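J.: Supplied in C-alpha cells, the structure appears directly below.
The values are calculated or read from the model by the stated rules, or taken from the named source; none is laboratory data. Remember, it's a predicted structure, so these values are computed and weren't measured experimentally. All Cβ positions, even for glycine, are placed from backbone atoms using ideal geometry, and neighbour counts span all protein chains on display.
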Amino acid sequence: MIQVKNLTKVYSGISVLSIDNLDITKGESFGLVGNNGAGKTTFFSLLLDLIKPSTGQILNYGVEVNKSEAWKPFTTAFIDETFLIGYLTPEEYFYFIGELRGQSKADVDTFIAGFEDFFNGEILKNKKYLRDLSKGNQKKVGIIAALIGNPEVIVLDEPFANLDPTTQIRLKRILKELAAKGDKTILVSSHDLQHTVEVSNRIVVLEKGIVVKDIQTSAETLKELEAFFEG
Amino acid sequence: MIKHFLTLEWKSFARSASFKTNIAFKILMLLGFLYFATIFVFIGIGIFYGIRKEAHLEPLATVNRYLIYYFSVDLIFRYMMQKIPVVNIKPLLYLNLKKSSVVHFSLGKTALSGFNLLHAFFFIPFSVVMLVEGYDVWGVVQWYLGIMALIFTANFLNILAASKDSIAFFTGSILVVLAGLHYYGFFDITQYTSMFFNGLYHSFYSLIALLLLLLSYYSAANYFRANMFLDAGLSVKQKTASTQEYTWLNRFGSMSTFLKNDLRLILRNKRSKMTLFVSLMFLFYGLLFFTSKSYESPVWQIFAGIFVSGGFLFTFGQFVPSWDSSYYPLMMSQNIQYREYISSKWWLVVIATVFSTGLASFYLFFGWKTYLAVVVGAIYNIGVNAHLVLWGGAYIKQPIDLTSAKQAFGNKQAFNLKTMLLSIPKLLLPLGLFALGYYLINPIAGYLFVALAGVLGFAFKNKVFSIIEKIYQTEKYKTIAAYKQKN
C-alpha cells in the first residue's frame, strides 16, 4: 500500500506536482498517463526518494520514503539509463542486482532463464557491455533486473518506449502475469494509452502535476482516455 | 557558412554547463594560463642568458639539442589533455554543408587551442632576445616559423593519434628509452635531431617543417573526411565483453559485491585506466627524491614515501563516489547500506596501497631506510589518508565521464575548498610528526611517530565512516542532481 499525502514539488516558484491524496493498494496494477511535463517521472522520483518533496510525504508500505530507507528491500525500479551500469555485461548486472536483493547466482540464472524469449537472443552471452547495447535492449535488461528478487513494489517509467512491437507484446504479457498474482504493486507510466489500459487495472491521469482522472479500467476506459486527450 | 560555424561555436562555449556554473573557476583557469604564460616568457628570456653565462654554451644550439624532447613531451601532453572536437560534428552531417568545409573548420578550430598558443610565449621572447643579441634576422625568422610549423604539426598528429591509444604509449616508451640511453651515454639522439633544428636557422630546413605541417594537416583532414560516417570515425569503438566472476573476492562477504564492481569499473573504462596508469607513475616518484641531492633531508623522504605507496589512494580515492556518478540513482534506490559501500571503497584503496608498497620494494636498492620511509608512508596512508580522501570525496559533486580519458589531469574538482583543507593533514601532518621525532629524539623515533599516527587513525575508522555516511545522506539530493548535469 502506497499512500501519498499533500505531496508537492516546486521548482523555482513553479509547481510541477501537487497530489493531495492518493492511495495505491497492495496488488494494484497502477497506470500513470499524461503528456510531457505532466509530472509522471517527478512522481516516481519522489517515490524513490531521488528528489526531495517540497511538502507532504509518501508512505511506501508504511515507510516514509524520505525519512527511512526501509522501503528499499521490497521496492525495485527502472526509470532510465542511470539505472544501468554501462561497463557491465547484462549477466554481471543481473548478478549484481541479485546480490543486492539476496539472490544467489543460481537463483538469478534460473530467474532470467524464464525471459529468454523476451530477450530474443540479443542480451545474454552476447559479449557486449550494457553501454554498447541499443536503447531497446538496454531497456529490456533494466526492466527484467527490476523484477529480480521478488519485489513487492515495482516502478517502471515508460517501459514500452523504444521497444519493438514483439517485445511490447511480450512485456504486456509479463506485466499482466505479475499483476494476476495479486500480491505485487506495479506502477507503470506511459504515453501509450492502449498499452496502459491493457496492463493496468487502475489508471490515473496527470495534467500539469495534478490528478485529473482516476479510473478503474473497464471496456470503455480507452475511449474515455482518448476523448480526454483529444481535448 | 563560416559565420554559421562561428556562431555555433560561440553558443556552445557560452552556454556550456561548466561555463555557467563556475565563474570563479574560469578566473582561476585564466590566472593559471597567465601564470604559465609568464613563466614561459621568463624561461624564454632567462634560458638564453642562463645557458650563455652559466654553461658557457651557444644558446640556440643548446636549445636545438633538447627540442626533440620538448616536442615529444608536448605530444604526450596533448594526447592526454587536448580534446578532439569530434562530437559536435554529428548534427552537421546531414545538413546542407560540404563535408570538406566541416572538416576544415573543425581542424582549424583545434589550431586555436591553448596547447598551440602557449608555446609562442616561450619561442617569441627567445627569438626576440636572439634578435637583440645580433643573430641573423632572416635566420631567426625562419627558425621561429619552422618551430611554429612543427608545433602545429604536433597538433594535427595528435588528432590522428587520438584514434589509436597505442601510438601515445609507443611514443612515450620510445621517449623514455631514448632519454635513458642519452642519460647513460650509450646513444645520443639529440646529435641527429639538433642537426635538423640548427638547419632551421642556418639553412632552408624550415621548408621541410612547413612540408611536414601540410602533410599532417592533409592526412588529418583526409582521415576525418574518410571517416565522417556514424559507423566509422564518429562511432564509439566497442570491445568484445566477457563476463568476469572474480569469485576470489567472495571472501570479503557482502562487500565483495561492490569490490567486484569496482574492479570491473577500473579495468573497463578509459578514465579509470588512466588513473591506474598515473598511480603506477607515482611509484617512481620517489626516484626523484631518493636520488637527488637537494631532497636529501629525511623529511622529504617521508614525503616521497607517502606518494610512492599512495598513488592509487590519491588518484582514485579522492573521486569516490563520483566514479559511480553515471548510475548514482540506481545505487540510491537499491538495497545498499552506505556503510558497506564506503567500506568497500576503503578496502579497495587499502588493498591497492598494500600492493603498491609491495611493488615499491625495489627501493630497497637505495637502502633499507629508504624503503622504511615507503612502508611508514603506507601505514600512514592506510590509517589516516584513506579516511581523509574518502571524506574529501564526499564533498565532490562533479560527475565523471568514465569513457573519456581526457579529464584525468588538472580536474577542476581539485579546486574544491573543503577538499583542499582536508589535503593539508594528508601531507603536512606526517612531515611534521617525522621532523618532531627525528630532530627531538632520533631518526627511528621519527618513523615511529608517523607509523603510530597511522595506527591511531584506525581507531577513528568508525567515527570517520559515520561522518562520511552523514554527508552522503544530507547531500543525497544535491549529489543526484549534480551528477545529472553532464558536461
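Residues are listed down the side, and each one gets a yes or a no for (1) closer than 30 Å to B:His104 by Cβ; (2) out of contact with any helix residue (DSSP H, G or I) (no Cβ under 7 Å at 6 or more places or on another chain):
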site	(1), (2)
B:Asp136	no, yes
B:Ile147	yes, no
B:Leu150	yes, no
B:Asn155	yes, no
B:Ile159	yes, no
B:Phe170	yes, yes
B:Gln191	no, yes
B:Leu200	yes, no
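J.: While we're looking at this one, here's another question. Please work out if A:Leu84 is more than 8 Å from chain B (Cβ to nearest Cβ), of a type in the set (A, V, I, L, M) and surrounded by 19 or more Cβ atoms within 10 Å (Cβ to Cβ). Can you show your working first?
T.: On the way: more than 8 Å from chain B (Cβ to nearest Cβ): no; of a type in the set (A, V, I, L, M): yes; surrounded by 19 or more Cβ atoms within 10 Å (Cβ to Cβ): yes.
No, not satisfied.
J.: Taking the options A:Ser45, A:Ser29, name whichever one is closer than 18 Å to B:Lys478 by Cα and either more than 8 Å from chain B (Cβ to nearest Cβ) or out of contact with any helix residue (DSSP H, G or I) (no Cβ under 7 Å at 6 or more places or on another chain) (or both). Can you show your working first?
T.: Working: A:Ser29 fails: closer than 18 Å to B:Lys478 by Cα.
Going through A:Ser45, A:Ser29 in turn, the sole match is A:Ser45.
Each row is one residue, and each column tells you yes or no for (1) surrounded by fewer than 20 Cβ atoms within 10 Å (Cβ to Cβ); (2) away from every other protein chain (no Cβ under 14 Å); (3) of a type outside the set (Asp, Glu).
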| position | (1), (2), (3) |
| --- | --- |
| B:Trp248 | yes, yes, yes |
| B:Leu267 | yes, no, yes |
| B:Leu283 | no, yes, yes |
| B:Gly286 | no, yes, yes |
| B:Gly311 | no, yes, yes |
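J.: Still on this model: Could you count how many residues in segment A:152-173 are more than 14 Å from the chain's Cα centre (by Cα), surrounded by 20 or more Cβ atoms within 10 Å (Cβ to Cβ) and not polar (S, T, N, Q)?
T.: First, pick out the residues of segment A:152-173 that are more than 14 Å from the chain's Cα centre (by Cα): A:162-170, A:173.
Pick out the ones that are also surrounded by 20 or more Cβ atoms within 10 Å (Cβ to Cβ) and you get A:163, A:167.
Filter once more, so that each one left must be not polar (S, T, N, Q): A:163.
So the answer is 1.
J.: Pick from B:Leu330, B:Leu267, B:Leu259, B:Leu280: which is of a type in the set (A, V, I, L, M), under 27 Å from the mean Cα position of the chain (by Cα), in the same structural domain as B:Gln398 (by TED's automatic domain parsing) and closer than 18 Å to A:Gly98 by Cβ? If you could, list the steps in order and put the result at the bottom.
T.: Numbers: B:Leu330 fails: under 27 Å from the mean Cα position of the chain (by Cα); B:Leu267 fails: closer than 18 Å to A:Gly98 by Cβ; B:Leu280 fails: closer than 18 Å to A:Gly98 by Cβ.
Just a single option satisfies the conditions, and that option is B:Leu259.
J.: Hey, can you tell me all the residues within segment A:6-26 that are free of Cβ contacts under 8 Å to residues at least 12 places away in the same chain and on the phi > 0 side of the Ramachandran plot? Full working, then the answer.
T.: The initial filter retains those residues of segment A:6-26 that are free of Cβ contacts under 8 Å to residues at least 12 places away in the same chain, namely A:11-14.
Answer for segment A:6-26, where residues must be free of Cβ contacts under 8 Å to residues at least 12 places away in the same chain and on the phi > 0 side of the Ramachandran plot: A:Ser12, A:Gly13.
J.: Further question: At least 1 residues that are within 20 Å of B:Leu287 (Cα to Cα) in each: list the helices (runs of 4 or more DSSP H) lying fully within segment B:302-388 that qualify. Write out each step before concluding.
T.: Numbers: elements: B:311-317, B:328-333, B:338-359, B:368-380.
Hits in segment B:302-388: B:311-317, B:338-359, B:368-380.
J.: Could you list all residues from segment B:250-265 that are surrounded by 19 or more Cβ atoms within 10 Å (Cβ to Cβ) and of a type in the set (D, E, K, R)?
T.: B:Lys260, B:Asp262, B:Arg264
J.: Just give me the residues in segment A:50-77 being in a strand (DSSP E or B) and either more than 9 Å from chain B (Cβ to nearest Cβ) or more than 17 Å from the chain's Cα centre (by Cα) (or both), in sequence order. Don't jump to the end; show me each part of the working.
T.: Going through segment A:50-77, the residues in a strand (DSSP E or B) turn out to be A:55-60, A:63-64, A:75-77.
A:Thr55, A:Gly56, A:Gln57, A:Ile58, A:Leu59, A:Asn60, A:Val63, A:Glu64 - these are the residues of segment A:50-77 that are in a strand (DSSP E or B) and either more than 9 Å from chain B (Cβ to nearest Cβ) or more than 17 Å from the chain's Cα centre (by Cα) (or both).
Residue-wise test of (1) of a type in the set (Ser, Thr, Tyr); (2) crowded, with 19+ Cβ neighbours inside 10 Å.
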site: A:Asn150; (1), (2): no, no
site: A:Leu175; (1), (2): no, yes
site: A:Thr185; (1), (2): yes, yes
site: A:His191; (1), (2): no, no
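J.: From B:Ile159, B:Ile147, B:Ile167, which residue is among the aliphatic types (A, V, I, L, M), surrounded by 12 or more Cβ atoms within 10 Å (Cβ to Cβ) and at pLDDT 85 or above? If you could, list the steps in order and put the result at the bottom.
T.: Numbers: B:Ile159 fails: at pLDDT 85 or above; B:Ile167 fails: at pLDDT 85 or above.
Matching residue, one of B:Ile159, B:Ile147, B:Ile167: B:Ile147.
J.: Shifting gears a bit: Do we find a residue being touching a Gly at 6+ places or on another chain (Cβ under 8 Å), outside any strand (DSSP E or B) and under 23 Å from B:Thr479 (Cα atoms) anywhere in segment A:85-95?
T.: No - not one qualifying residue is present in segment A:85-95.
J.: Something else: Considering only residues that are buried (at least 23 other Cβ atoms within 10 Å of the Cβ) and either in contact with an Asp or Glu (Cβ under 6 Å, 6 or more places away or on another chain) or free of Cβ contacts under 8 Å to residues at least 40 places away in the same chain (or both), which ones fall in segment B:334-355?
T.: B:Leu348, the sole residue that qualifies.
J.: Then there is this: Among the residues of segment A:6-21, write down those that are surrounded by fewer than 12 Cβ atoms within 10 Å (Cβ to Cβ) and either under 10 Å from A:Thr42 (Cα atoms) or modelled with pLDDT of 95 or more (or both). Break it down into steps so the answer makes sense when it comes.
T.: Pass one, segment A:6-21, residues surrounded by fewer than 12 Cβ atoms within 10 Å (Cβ to Cβ): A:11-14, A:21.
Listed by number, the list is empty, since nothing qualifies.
J.: I've got another one for you. Of the residues that make up segment A:154-164, is at least one more than 14 Å from chain B (Cβ to nearest Cβ) and closer than 30 Å to B:Gly253 by Cβ?
T.: As a first pass, look at segment A:154-164 and keep what is more than 14 Å from chain B (Cβ to nearest Cβ): A:158-164.
Cutting the leftovers down to closer than 30 Å to B:Gly253 by Cβ gives us none.
No, the conditions are met nowhere in segment A:154-164.
J.: Kindly check whether there is at least one residue in segment B:140-159 that is assigned by TED's automatic domain parsing to the domain that holds B:Ala220 and either outside any helix (DSSP H, G or I) or touching a strand residue (DSSP E or B) at 6+ places or on another chain (Cβ under 6 Å) (or both). Give the steps one after another, and end with the answer.
T.: At the first step, the residues of segment B:140-159 found to be assigned by TED's automatic domain parsing to the domain that holds B:Ala220 are B:140-159.
Narrowing the set further to residues that are either outside any helix (DSSP H, G or I) or touching a strand residue (DSSP E or B) at 6+ places or on another chain (Cβ under 6 Å) (or both) leaves none.
No, segment B:140-159 contains no residue that is assigned by TED's automatic domain parsing to the domain that holds B:Ala220 and either outside any helix (DSSP H, G or I) or touching a strand residue (DSSP E or B) at 6+ places or on another chain (Cβ under 6 Å) (or both).
J.: So, in segment A:104-118, of the ones that are under 21 Å from the mean Cα position of the chain (by Cα) and in a loop (DSSP other than H, G, I, E, B), which residue ends up nearest to the other protein chains (Cβ to nearest Cβ)?
T.: Applying the filter and picking the extreme gives A:Phe115.
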